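Visitor: So that we are looking at the same thing, I have put the structure below in structure tokens.
The values are calculated or read from the model by the stated rules, or taken from the named source; none is laboratory data. Predicted, not measured: the structure shown is a model, and the values here were computed from it. Ideal geometry is used to build each Cβ from the backbone, glycine not excepted, and the neighbour counts take in all protein chains shown. SASA here: full protein model, heavy atoms, side chains in, ligands and nucleic acids out. Shrake-Rupley method; radii C 1.70, N 1.55, O 1.52, S 1.80 Å.
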Amino acid sequence: MTLKERDKKHLWHPLTQHKIHPEALPIVRAKGALLYDENDKAYIDGIASWYTAMYGHCNDFILKKVQDQMYRLDQIVFAGFTHEPAIRLSEELIKILPNNQEKIFFSDNGSTANEVGIKMALQYHFNKGEKRNTIIAFEDGFHGDTFGAMSASGLSVYNGPFEDFFIDVQRIPTPNAQNINKVLEQLQTIILCNEVAAFIYEPLVQGANAMHMFEERYLNQLLEICKKHSVITIADEVMTGFGKTGKTFASEYVETKPDIISMSKALTAGFVPMAVTSCTQDIYDAFLDDSVGKAFFHAHTYSANPIACSVALAAIELLGSKEFQDNIDRIVVSHKAFDAKIKDHSKVKTTRQKGVIYALELKIDMDRYGKKRYEIFDHFMQKGIFLRPLGSTVYILAPYVTTNDQLDEIYAAITELLEVV
């Protein structure tokens, strides 16, 4: 049996209607910005495998660090035990996070990082004797697929069957020059009319919402209102973190810093699952009490897995290197040059860029997961380019090691698409 046939026998893939799309493409190896199928055809990974493998697949520097750690300590329960990789990772993260962050809590993935942040915010108020049970979130945001994170998400394509079971979430539009006053008024009304615990948001770029972008000055105004009313602010940096917006974290662009930050994806460079939720000292202190019941009773079996911590430490070291900072700058400049050539094309509705994140919206009506979307996906795959359109939006978020020639191949495939779409 082929790999495709064996796959179909038992596997259930995410975000897939198997009746319509019964086959998955086997990938047998990867290196740098390239994926290889079983026929050894290469594909440029234009989205870093969902924004994780930012330092390139099977990065040799990270592989060596992982190998060294595997010989020393593989796994240990993190309740009542600790280890040097976790301690050192907490130290390195605090150095690069916004300067109000003090504590690090480990979990498994982006959804759980946000789940932890939401639970921290709810229990923070509970521990202080306040019953606050409403969360504020942006329309069309995405924070994950566990129930708290899903409740905060506004994309019904993912949430539809489960909405009757959600926690209480009030939504506001993302702010812009035209609606900022109305959004500010709406935010204040929600806070005054509800017991609001937290505001969760993707800073500056909404990934699953077709890389929708908004300005930091407007976000800052919303955060200032939240601070004034003791509403905990949670920055979902799962997608934006670790250099993608041009700064280490998107929250660095915003004057008012969040109380809680969730991160995953590029944290462990595509090697292994792990997530972190960081918070201020004030959040942490609300859980300190002689009563055990005020502790944060949330745990994951693989919390702070030593191997995952060693990967994250290696990734942070690479991110801070001149080589990778130069690579980020190079990709930013390259995207800008491509945008100058393409933005006025008759088939392009809009374009947008933040750091290494580049997106263009096609002037075409289509469903997020409809037939046309799969035709566009197939166009790129035939060209040896792995891009995953979000509806009519084609975006690039390639590994930092992607070469100029590989970027040119991606740009050429997009340009060709515009002639046939």
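Visitor: Ordered by packing density, taken as the mean number of other Cβ atoms within 10 Å over each peptide's residues, highest first, how do 361-371, 393-403 rank?
Guide: Going by the mean number of other Cβ atoms within 10 Å, highest first, we get 393-403, 361-371.
Visitor: Also, quick follow-up: Rounded to whole Hz and in sequence order, give me ³J(HN,Hα) for the stretch 5-21 from the Karplus expression 6.51 cos²θ - 1.76 cosθ + 1.60, θ = phi - 60°, writing x for Gly and Pro.
Guide: Values, residue by residue: 5, 5, 4, 5, 5, 10, 8, 10, 8, x, 6, 9, 8, 5, 5, 8, 10 Hz.
Visitor: Select from LEU397, ALA53, THR268 the residue farthest towards the positive end of the dipole of the chain; place +1 on Cβ of Lys and Arg, -1 on Cβ of Asp and Glu, and compute about the Cα centre.
Guide: LEU397
Visitor: Something else: Kindly flag which residue pairs out of LYS41/LYS247; LYS247/LYS341; LYS31/LYS363; LYS119/LYS228; LYS265/LYS336 have an alpha-carbon separation exceeding 30 Å in this structure.
Guide: LYS41/LYS247; LYS31/LYS363
Visitor: In whole percent, how big is the carbon plus sulfur part of the accessible area of the chain, probe 1.4 Å, protein atoms only?
Guide: In the chain, the share of accessible area belonging to carbon and sulfur is 51 percent.
Visitor: Express in nm, to one decimal, how much length is gained between THR403 and LYS372 on full extension, taking 0.36 nm for each residue of separation and deducting their alpha carbon distance.
Guide: Length difference between fully extended and current span is 8.2 nm.
Visitor: Next question. Per residue, how much accessible area does the stretch 65-145 show when a 1.4 Å probe rolls over the protein heavy atoms, in square angstrom?
Guide: Roughly 51 Å² per residue, with all protein chains present.
Visitor: Using Cα-Cα distances under 8 Å and only pairs 6 or more residues apart, what relative contact order does the stretch 150-257 have, in percent?
Guide: The value is 23 percent.
Visitor: Give the residue from HIS300, ALA250, MET150 lying farthest towards the positive end of the charge dipole for the stretch 145-304; charges sit on Cβ (+1 for Lys and Arg, -1 for Asp and Glu) and the dipole is referred to the Cα centre.
Guide: Of HIS300, ALA250, MET150, it is ALA250.
Visitor: Now for a separate question. Cα-Cα over 29 Å: which of LYS4/LYS244; LYS64/LYS95; LYS343/LYS372; LYS257/LYS347; LYS294/LYS354? The partial results should precede the final answer.
Guide: On the way: LYS4/LYS244 34 Å; LYS64/LYS95 24 Å; LYS343/LYS372 21 Å; LYS257/LYS347 39 Å; LYS294/LYS354 41 Å.
In this structure, LYS4/LYS244; LYS257/LYS347; LYS294/LYS354 lie more than 29 Å apart at Cα.
Visitor: Express the relative contact order of the chain as a whole percentage, based on alpha carbon pairs under 8 Å and six or more residues apart in sequence.
Guide: 22
Visitor: Ok, one more. Find how many whole Å separate the alpha carbon centroid of the stretch 23-75 from the alpha carbon centroid of the stretch 343-421.
Guide: With the stretch 343-421 and the stretch 23-75 each reduced to a Cα centre, they are spaced 23 Å.
Visitor: Starting from the Cα of ILE167, move 7 Å in the Cα-to-Cβ direction to define the label point; list residues of the stretch 213-241 whose amide nitrogen is under 13 Å from there.
Guide: 232-234
Visitor: For the stretch 45-168, take the alpha-carbon Rg, divide it by the Kirkwood Rh, and send me Rg/Rh.
Guide: On the Cα set of the stretch 45-168, Rg over Rh gives 1.03.
Visitor: Now for a separate question. At what distance in nm do the modelled label points of ASP289 and HIS18 sit from each other, each positioned 7 Å from its Cα along Cα→Cβ?
Guide: Distance between label points: 4.6 nm.
Visitor: I would also like to ask the following. At 0.36 nm per residue, and after removing the present C-alpha to C-alpha distance, how many nm does the segment from LYS182 to HIS345 gain when stretched out fully?
Guide: This chain segment gains 55.3 nm when fully extended.
Visitor: What is the stretch 175-296 by shape, rounded, prolate or oblate, if you read a ≥ b ≥ c off the alpha carbon gyration tensor as root eigenvalues and call it rounded for a/c under 1.5, prolate for a/b larger than b/c, and oblate otherwise? Show your work: numbers first, answer last.
Guide: Values: a/c = 2.19, a/b = 1.04, b/c = 2.10.
It is oblate, given that a/c is not under 1.5 and a/b is not larger than b/c.
Visitor: Please arrange CYS193, CYS226 by accessible surface area, largest first, computed with a 1.4 Å probe and ligands excluded.
Guide: I get CYS193, CYS226, largest accessible area first.
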